[in-house]
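Shown next, in structure tokens, is the structure this report addresses.
Read the figures in this text as sums done on the coordinates, not as results from a lab. Model, not experiment: these values are computed from the prediction. All Cβ positions, even for glycine, are placed from backbone atoms using ideal geometry, and neighbour counts span all protein chains on display.
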Amino acid sequence: MSVGRISLSLAIAGALVACGGGGGSNGGNTPPPTQGAPTPSPTPTPTPTACSVADRQAWVLDQLQQFYLFPDLLDTSVNPSNYSDVQSYIDALVAPARATGRDRFFTYITSIEEENELINSGSSAGFGFRLGYDTVNGRVFVLESFENAPAYPRGFDRGTEILSVGGTSTADLLANGGPANFSAALGPSDPGVTRSFTIRQPDNTQSSVSVSKAEYALDPISDRYGAQVIDNNGTQVGYINLRTFIIQNAGDQLRDAIGEFRQQGITEVILDFRYNGGGLVSVGELLGDLLGADKVGQEFSSTIFRASLASNNTTELFETQPEAIAATKIALIGTGSTASASELVGNAFIPYLGNNTALVGSNTFGKPSGQIARDRPTCDDRLRVLAFRVVNSNDQGDYYNGLAEVYQRTCAAPDDFLSQLGSTSEDSTATALTFLRGGTCNPITASGNQRAQSGPNIRTLQAPLVRRSAAQHQVPGLF
């Protein structure tokens, strides 16, 4: 993967997008540099004229006309004056691509400063939990809680149900405005925002707590359950739950985890990407290297830009890494929140492992494409432009309906959110272990209706696109 290694952001879900990675603000028809984290020039003091909504909208249109992956699916007849903010204008411009399922809110505007802090240190602000809501019964649950964030020490962990926010019941919030209303009740992602909650644990104990949002560093691999060795009827299996590809030190943590697998002679692996919406392609390529010690010099993936930018196309090869193992079986746990870089890694191994790799859980989101960053430091604007698609060594890449349609083996399993991630009693993990030891399973139905779904009736809850933080663009369900 030495050729043109790309640290562009790949993304997630339904009304969700994602990104990360490199870019500058150079002109012309050449995409910005894409290796490493973006390092924008110092931000000058914005001027009212240069950073007016109209001026920013004009800049966005120019960038999309130069770099957008589907130029024929841009509606340039849209009148920018009809939109009071930049994101709404972007959504209107790319509406034709969205109608075909090619750009499901993947193109968006974010803050250079916020995204750089996220990439470089995992910096985020909020309660620090991932939420899902029951689409049938009107309930909200914690799917995952980040250990060094404010909510975890206050009793919020996987399986915790939120019964009320600020004295209003969850049922009433969902009944009077749906998930967007519940999201709004949680408030903006600003340090100091405080909310009172009534919560119920899986053992039915109930309590009232108050939590204030704060800055914290999002750990890409949990110290509790993120990397472990599981005994699978006498065979040692390496388990990794990677929360996101967007944070650069995820690479170091992956090296440590897989290096331990190497020392123990492990060649069978579970990649738990059930909530991983993607991130830096460079981290995905490194993970491929770490699992492909026997594939050095062979193709991992190819990156393909629009026809006018074809000179920027690259082929990424597996590289030697001292911690690498030669994985013989890989079970990838996915849901509708699994996207982009997560799907890239899974797709890359299909030509080499065939029936020895499987998608476990439910169908993935379906995003075989990625964004480049276009920066305008004067306004602290980073435009994430959907600009390239990726294919594996068999030229497979158009999995817009999810990976279930391209895997030779799939195993359906629910996301058992009342059991801890990585537990052998958790349904998806247990099914992955069954696959690895040669057992039978029921196949996943490849359906676009499973997008953003992490269980039979559970969907990740998302903040509204127009006020989503850089971290919320990258981490599905984060608040």
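For LYS213, which lysines qualify as cross-link partners when the Cα separation must be under 22 Å and same-chain residues fewer than eight apart are set aside?
Output for LYS213: empty list, no partners.
Using alpha-carbon pairs under 8 Å, 6+ residues apart, how would you state the relative contact order of region 53-103 in percent?
40
If we count other beta carbons within 10 Å of each Cβ, what is the order of THR429, THR364, THR378, fewest first?
Listing THR429, THR364, THR378 from fewest to most nearby Cβ atoms yields THR378, THR429, THR364.
Count charges around PHE197 for me, please; just the other residues with Cβ under 15 Å from its Cβ, Lys/Arg as +1, Asp/Glu as -1.
After counting each charged neighbour, the total is +2.
Using all C-alpha to C-alpha distances in region 53-103, build P(r) with 10 Å bins and read off the rounded percent in each one.
28, 58, 13
Which whole-number percent is the relative contact order of region 230-366 (Cα, under 8 Å, 6+ apart)?
Relative contact order for region 230-366 comes out at 27 percent.
Give me ASP231, ASP91 sorted ascending by neighbouring Cβ count inside 10 Å, so fewest comes first.
Lowest count first: ASP231, ASP91.
Under unit Cβ charges (Lys, Arg +1; Asp, Glu -1), what dipole magnitude, rounded to 20 debye, does the chain have relative to its Cα centre?
640
Can you find, among GLY178, ASN394, ALA54, the residue sitting farthest towards the positive end of the charge dipole of the chain, where Lys and Arg contribute +1 and Asp and Glu -1 at Cβ?
My answer, from the dipole projection, is GLY178.
Excluding residues on the same chain fewer than 8 positions from LYS295, give the lysines whose Cα lies under 23 Å from its Cα.
List returned: LYS329.
May I ask you to derive the relative contact order of region 124-217, considering only C-alpha pairs under 8 Å and at least 6 residues apart, and to give it as an integer percent?
32
Taking every DSSP beta bridge that has both residues in the chain, what percent is antiparallel when rounded to the nearest 5?
Beta bridges within the chain, antiparallel portion: roughly 75 percent.
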